[in-house]
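The values are calculated or read from the model by the stated rules, or taken from the named source; none is laboratory data. Since the structure is predicted, the reported quantities are computational estimates derived from the model, not experimental observations. Methodologically, a virtual Cβ is constructed for each residue, glycine included, from the backbone with ideal geometry; neighbour enumeration extends over all protein chains shown. For accessibility, only protein heavy atoms count, side chains too; no ligands or nucleic acids. Shrake-Rupley method; radii C 1.70, N 1.55, O 1.52, S 1.80 Å.
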Amino acid sequence: MPVWAAPVLWTLALGLWGLSRQHSVWRDEAATWQVARRSTAEIWHMLGQVDVVHGAYYLLMHALFNCFGPGTTTLRLPSVLAMAGAAACVTVIGRRLAGPWAGLGAGLVFGLLPAVQFHLQEGRPYALIAAGAGLSTLLLVTALQRGRAGTGACWVAYGGVILACGLLNWLSLLIVPAHAATLAWTRAPRATWARWATASAVAVVGVLPLILFSRQQSAQVSWIPPLTWHMLIGPAVLLTIGGLGALLDRPRVGRLSVAAVALPLLAVPQVGLLGLCLIRPLFLDRYVLFSMLGLALLIGAALSAAVRAVRPGFPRSASWLVPLLVAVAMVALLPHSLAKRSPASRVDDVLATAVNVRHLKQPGDAVLFAPSARRDTALVSPGDFAGLRDIALTRSPAASGTLKGVEADPARIRTAMLAQRRILLVTDAPGAARPLSGGRDRMKAAVLAEYFTVVADEAVRGRRVIVYERR
């Protein structure tokens, strides 16, 4: 059995374990779900308004939803398979550069990393980008090991994978300077630099229209907070661990090694994203999730060094060291692993809220959403909202090319509210709520407080359904 098979099966097992998260879906995954259920024409219309940066992923998920139907398995299984592929790439890279124990250790550790476990079961594109980053890094290592600038087919494949990653999220192009650092570390010949630069340039040019167009939608990331000192703690810890792992690999300039590949892969995307924050706040660790490939490789190299150190004195026990340490890590991380597979691991739960609506609604009721983005509950579970009238909505999300639809002006919403006997309000639970902004939402709250009485109030996993009756 090849060395990479064990990490692939291990990562698949971790991904399939609790895949439905007790049949819960949170707001980010709800965006994927509702867009994937639209027609191709409706998706294209929406991308002209919002979320163009995720356009390729939405079209992929649209095809999968059409083939297999909507559900948590269809939503998350692509991420599980992608992470398994990334684990295979990490294993092969580690084996080639530092031996089988480094490869096996890196592949097994990769699936246990907290950030990987979170996105392993996430209906978003970041696991697919990690798989692409792993494959492109493997292709780079292959080209460097073959010498004579590598084969043309290898570089064509490399450029194609970088292009695919960039179309899934253009911030993944931070892997390009990471690979440039590897070429500089290994003192690659000019011919190799030329082929790498050509393949990378073609990929970047292919992604450039997406980058330029997405700048028109930059308001979508305006909620990301500015960089603060405490946000630097995580990257600093990762880079410290990576540096220690690189030292164990005995790095030398001019030699292709784990450190030469993994340290830039870990450090450059993190530092690059921090640098972009000087222009605009963009620091979210999921944007550079693929840098965890470098961390896994460095930990694998450290495990291999531990095996070499133990083997002279305990030759029979050395072969059990890596599985034993991985098992210990698994036990130590078990509380974290269980937590990430629970609905409480995300900020809210769209499906649980829809269930509450189904139980609380009565014939003739109206429904409001505050903020309007909470309409995703109805878009993911329209059956639970059957019979309810969305009295604020004038154009549906699909028709308007948006994620939350277009609501009427405050005066019209107020008139419609005063004509109702009962209104269900879908909003955020107190612990997850932010102050309502915008005239519409403040008006909704004011009218409900003045003319209506609360008769039921159910909060579950970050969201809240309040039933109001007219006084």
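For the stretch 282-430, with all protein chains present and a 1.4 Å probe, just round the carbon and sulfur fraction of the accessible area to a whole percent.
On the way: 4020 of 6170 Å².
Roughly 65 percent, rounded to a whole number.
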- Item | For the stretch 418-450 versus the stretch 35-84, the gap between their alpha-carbon centres in whole angstrom | 31 Å
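In terms of the Cα gyration tensor, with a ≥ b ≥ c the square roots of its eigenvalues, is the stretch 391-471 rounded because a/c is under 1.5, prolate because a/b exceeds b/c, or oblate? Numbers along the way, then the final one.
Working: a/c = 1.73, a/b = 1.14, b/c = 1.52.
Cα axes put the stretch 391-471 in the oblate bin.
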- Note on the structure: Note on the stretch 253-336: alpha-carbon gyration tensor, axes a ≥ b ≥ c; rule is a/c under 1.5 for rounded, else prolate if a/b larger than b/c, else oblate; result oblate
- So, in nm, how far is label ARG442 from label ASP457 when the simple model puts each one 7 Å beyond its Cα toward the Cβ? 2.3 nm
- Sites ALA408 and VAL156 - FRET efficiency at Förster radius 51 Å, r taken between beta-carbons, to 0.05: 0.45
- In degrees, nearest 10, the alpha-carbon axis of helix 152-168 is tilted away from the dominant principal axis of the alpha carbons of the chain by 30 degrees
- Task: Just order 200-213, 312-325 by mean Cβ neighbour count inside 10 Å, highest at the front, would you?
- Result: 200-213, 312-325
- Message: Compute the angle between helix 55-68 and the longest alpha-carbon principal axis of the chain, please, reported from 0 to 90 degrees and rounded to the nearest 10.
- Response: 80 degrees
- Hey, can you find the accessible area per residue of the stretch 1-106 for me, probe 1.4 Å, expressed in square angstrom? 37 Å²
- Task: Would you kindly state how much longer the chain becomes between ARG389 and ALA419 on full extension, computed as 0.36 nm times their sequence separation minus their alpha carbon distance, in nm to one decimal?
- Result: 9.6 nm
- Non-local residues with an amide H under 5 Å from the amide H of LEU368, with H modelled 1.01 Å from N and Pro and chain starts lacking one, are LEU424, LEU425, VAL426
- Given labels modelled 7 Å from the Cα in the Cβ direction, how far is it in nm from ALA332 to VAL205? 4.9 nm
- Item | Point-charge dipole on Cβ atoms (K/R +1, D/E -1) for the chain, about Cα centre, debye to 20 | 640 debye
- Item | Separation of the ARG280 and SER39 label points, Cα + 7 Å toward Cβ, nm | 3.2 nm
- Message: From the phi angles alone, apply the Karplus equation (6.51, -1.76, 1.60; θ = phi - 60°) to the stretch 16-33 and give each ³J(HN,Hα) in whole Hz, x where the residue is Gly or Pro.
- Response: 6, 5, x, 4, 7, 6, 6, 6, 10, 9, 9, 4, 5, 5, 4, 4, 4, 4
- Inter-centroid distance (Cα atoms) of the stretch 333-389 relative to the stretch 403-417, Å: 21 Å
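Take the Cβ-Cβ distance between MET1 and GLN220 as r, set R0 to 60 Å, and report the resulting FRET efficiency rounded to the nearest 0.05.
Numbers: r = 46 Å, r/R0 = 0.76.
Plugging the Cβ-Cβ distance into 1/(1 + (r/R0)^6) gives 0.85.
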- Item | Reachable lysines, given that their alpha-carbon falls under 26 Å from the alpha-carbon of LYS444 and they are not under 8 places away in the same chain | LYS361, LYS404
- Send over a whole-number figure in Å² for the accessible area per residue of the stretch 324-374, probe 1.4 Å. 41 Å²
- Item | Under 5 Å, built H, 5+ apart or other chain: amide partners of PHE452 | ARG471
- What accessible area per residue, rounded to a whole number of Å², is obtained for the stretch 400-448 using a probe radius of 1.4 Å? 48 Å²
- Long-range amide H partners of ASN169, meaning residues 5 or more apart or on another chain whose placed amide H is closer than 5 Å, are none
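Hey, can you rank 217-226, 53-62 by average C-beta count inside 10 Å, highest first? Walk me through the intermediate numbers first.
Numbers: 217-226: 11.0, 53-62: 20.3.
Top to bottom by mean Cβ count within 10 Å: 53-62, 217-226.
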- Query: Helix 321-332 versus the longest principal axis of the chain: what is the Cα-based angle in degrees, 0 to 90, to the nearest 10?
  - Reply: 20 degrees
